[in-house]
């Protein structure tokens, strides 16, 4: 049996259990919406089971229908009294999850090469749908099974904590990301590129410096961070120093690899024009190393944020993402901890996306980028 056929029969079982075995249907809250959506969801499941090709308007309608079903089930679980959630509603939830999977499948198969704007929308829609499915399942499990909020708060409670602590989270973001992360990221990456050129220019440094750099990159951050705090103080400068140590070596290795990846024919052509070392470096070798440099930048974007947050565990002013996480977990304010984690994840993702966009603008001409 196809997976879509399983969803179809799950819907039938769900429909039957709600009317034959559930006595608390009236306590489920949004019963009118659920009742109205049942035949529509059954029709969608039947379409998937038969393998019917769904046109674009139909895809939009089915997506909105499944989203409405998710909202209705969330309202039902939230409005139900403690311990009275019908077990039949979970079959309904499983059916919706299966339909969500099918919805993401046909959106991911939409042809986007002919229309650039459509491609951008689809590329954003599929991750949003998948993330929404995970949040929906998280909310349903924590509320429906009454998971203690100290262990795992529901996304809705995290959202409330985020809104209520917006000013505090913004101050933490400024301290950690705008100061420590960006400063350390810039210094670490620039110094890595400069040293890579120096190592390429002076061959014996490759044997003498790279092993030491490899040793430095293997140092545990939990051991280095307290030392940096002793050297540079409790403010953001010590966290930036930790970020420099974490980002320097990846940039050094990637840049050096990129410089050595230049095609031999291009170098011979520059030699035929009597070009010196610096002319070949600027006109040929550094441009060819850009894909490697951007790879290091993207790797360092996550390493820098992790390094700054962990470094704040070992001494910081009363502000910062790491300080907030360590302090609020001691107070059992787990929702605020998750809100801080969400801010860190969002800022790191946006930073990575910015670097990926710049990579596309600066290395779109490179053969490796065109092939990918």
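Okay, here's what the table says:
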{"quantity": "Selection status of residue 254, buried (at least 16 other Cβ atoms within 10 Å of the Cβ), over 23 Å from residue 216 (Cβ atoms), assigned by TED's automatic domain parsing to the domain that holds residue 195 and at pLDDT 80 or above", "calculated": "no"}
{"quantity": "Where a residue in segment 179-205 is within 21 Å of residue 288 (Cβ to Cβ) and its partner, wherever it lies, is not in a helix (DSSP H, G or I), with Cβ under 8 Å and at least six apart", "calculated": "200/260"}
{"quantity": "Options 348, 330: the member that is modelled with pLDDT of 90 or more, out of contact with any strand residue (DSSP E or B) (no Cβ under 8 Å at 6 or more places or on another chain) and surrounded by fewer than 20 Cβ atoms within 10 Å (Cβ to Cβ)", "calculated": "348"}
{"quantity": "Test: residue 171 is within 15 Å of residue 343 (Cα to Cα) and either assigned to a helix (DSSP H, G or I) or over 32 Å from the mean Cα position of the chain (by Cα) (or both)", "calculated": "yes"}
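The values are calculated or read from the model by the stated rules, or taken from the named source; none is laboratory data. It should be emphasised that the depicted structure is a prediction, and the values quoted were computed from it without experimental measurement. Cβ atoms come from the backbone with ideal geometry, glycine included; neighbour counts cover every protein chain shown.
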